[in-house]
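**Q** Mind looking over this structure? Questions follow.
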């Protein structure tokens, strides 16, 4: 089944989730509804809701229950995006003005806080303490990941392990628990929810590495912003770390990164991007991404053979595809 | 019993809460522990933990249980302070540099997010869904209140009702549920937890009005910053709204507020402060504050006559005292 068909087959469920998200962030304060809905309207792949729905097929499927997992997870993801845009000083996301750009930083901060708080009111309808524990523990990890990213800006001496730990927190865990909680909420056996967690975790790791590769190798049209924006911001990603390990390149790449840093974000990163592209870094990062996808697919092995299992595999293969 | 004695009698419990707060925010990321503990070390009245402990006396008192309410409530309060300081561009709080000032805005934003998320991991230990529902619903209101405050900056046409609704959300509700949840967590009857909620709500309303009065009438030494900082920021508080109702003053006060606004926060608000002090606004705001304290004390009437009841009344009378 192609991915488009999968989305089509989940259309009414995804619409119900979309409606619930809009309803959740609507408040009697027009400004907050406006900033929140602005974000919602920008759309997105809604990968977390899709994973929640598919994971729910392994338990006692109930859209009402799954909505109470999918809506908060996607809203929490959105809240982190709003705060990220403040940090990154980003003007556009998904082709739309960011909240911080259309309004201002302080409005973006409280919009993020608000969406996040609203997300929690939805999940508290579910009376399984374990769900709340998993969710709040994961949010803590996401925050630590965000902070690690700030700490590691322009740190050219960080290890690959460092990078992996950071993207695990920043990205992979929320995708992992999207799979896990869909199963937990619908009462699937523990063995199934942990296999789904492992699937989501490895998928999330691949997802972030691919995203970081795209920022270096994609066209401006495909990325929606000029390539190399991670580097401009000081975010040293996996391909760059690998490139820095090449003796023939290291000196020049360090000098370029130093120049970007000195330029305080306004510098051009295209020379650095070119160096990384010419290095083995791209190939090695791709190999790492492939390993995660292989692990994700292996995590599915023990799952019962229902259509959702094949759908998850399709998603993994799609995410892993190079779009540059 | 004097307030000092009350704090002394709760010393070991408050210390246990303090320790748990420090433990909760400590992470394996030194930067985050540092920013969070920086805030913790600045101290504070810990009014929310005190209220939680006293409310717990009306139920089946358990420090272990009450800690899981008091620690998150105080941490959530702290998280909002960190975000507030970003918005207010505040350099000091309680005589210490703010996180945004000692580090920077983006670190302050994620420190707030992190403390908030950590707070939630503590409360998820409690398996009463109602607690989570009350807490998350209140946090939403706090966020809406913060946003209303931004929206209403320099809005001289807002009504008193507007102001009261905003401080209800921004301040009073979190104090209300400190009382309520202490009772709910220890299994006190519903009539008791709602009486305690009403007590806390009215106490919180008084608390914010007194705080707003202090900002206008206090000395720089008592406030820790020059008087009139609310006005400098554009925050139109109750005494100012009342002063604006005086025909003889309105024109001059409007002109002063307009000048502050034009000065973009750098203006001197002392002339406006002087006008408000000379108005009936101070007296009327004090009367409103007194009414809330009377209501708070009345809410205690139906409670069983245990020492904690007198302690709560002492707190109310103390909070209501003018310190200017």
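The values are calculated or read from the model by the stated rules, or taken from the named source; none is laboratory data. Computed from a predicted model, the values in this text were never measured in an experiment. Cβ coordinates were reconstructed from backbone atoms using ideal geometry, including for glycine residues, and neighbour counts include every protein chain displayed.
**Q** For a quick check of your reading: which helices (runs of 4 or more DSSP H) sit entirely within segment A:114-197 and have at least 1 residues that are buried (at least 18 other Cβ atoms within 10 Å of the Cβ) and within 9 Å of another protein chain (Cβ to nearest Cβ)?
**A** A:129-151
**Q** Restricting to helices (runs of 4 or more DSSP H) lying wholly in segment B:216-324: which have 2 or more residues that are surrounded by 17 or more Cβ atoms within 10 Å (Cβ to Cβ)?
**A** Values: elements: B:220-223, B:229-233, B:238-244, B:247-262, B:270-277, B:281-300, B:307-320.
The qualifying helices (runs of 4 or more DSSP H) are B:229-233, B:238-244, B:247-262, B:270-277, B:281-300, B:307-320.
**Q** Further question on the same structure: State the number of residues belonging to segment B:89-113 that are part of a helix (DSSP H, G or I), farther than 17 Å from residue B:75 by Cβ and touching a residue at least 12 places away in the same chain (Cβ under 8 Å). Walk me through it before giving the result.
**A** Step one: filter segment B:89-113 for residues part of a helix (DSSP H, G or I), giving B:99-102, B:105-113.
When the remaining residues are screened for being farther than 17 Å from residue B:75 by Cβ, the result is B:100-102, B:105-107.
Subset that is touching a residue at least 12 places away in the same chain (Cβ under 8 Å): B:100-102, B:105, B:107.
Matching residues across segment B:89-113 total 5.
Let's see how each residue does on (1) more than 21 Å from residue B:197 (Cβ to Cβ); (2) at pLDDT 90 or above; (3) part of a helix (DSSP H, G or I):
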{"site": "B:4", "(1), (2), (3)": "yes, no, yes"}
{"site": "B:24", "(1), (2), (3)": "yes, yes, yes"}
{"site": "B:33", "(1), (2), (3)": "yes, no, yes"}
{"site": "B:68", "(1), (2), (3)": "no, yes, yes"}
{"site": "B:81", "(1), (2), (3)": "yes, no, yes"}
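**Q** Restricting to segment B:240-272, count the residues that are touching a residue at least 40 places away in the same chain (Cβ under 8 Å), in contact with a helix residue (DSSP H, G or I) (Cβ under 6 Å, 6 or more places away or on another chain) and under 18 Å from residue B:214 (Cβ atoms).
**A** So the answer is 5.
**Q** Something else: When both residues are 6+ apart or on different chains and their Cβ atoms are under 9 Å apart, which pairs have a first residue that lies in segment B:125-141 and is under 11 Å from residue B:177 (Cβ atoms), and a second that is at pLDDT 95 or above and surrounded by fewer than 19 Cβ atoms within 10 Å (Cβ to Cβ)?
**A** B:141/B:168
**Q** Of everything in segment B:21-36, what is surrounded by fewer than 17 Cβ atoms within 10 Å (Cβ to Cβ) and away from chain A (no Cβ under 14 Å)? Give them in sequence order.
**A** B:22
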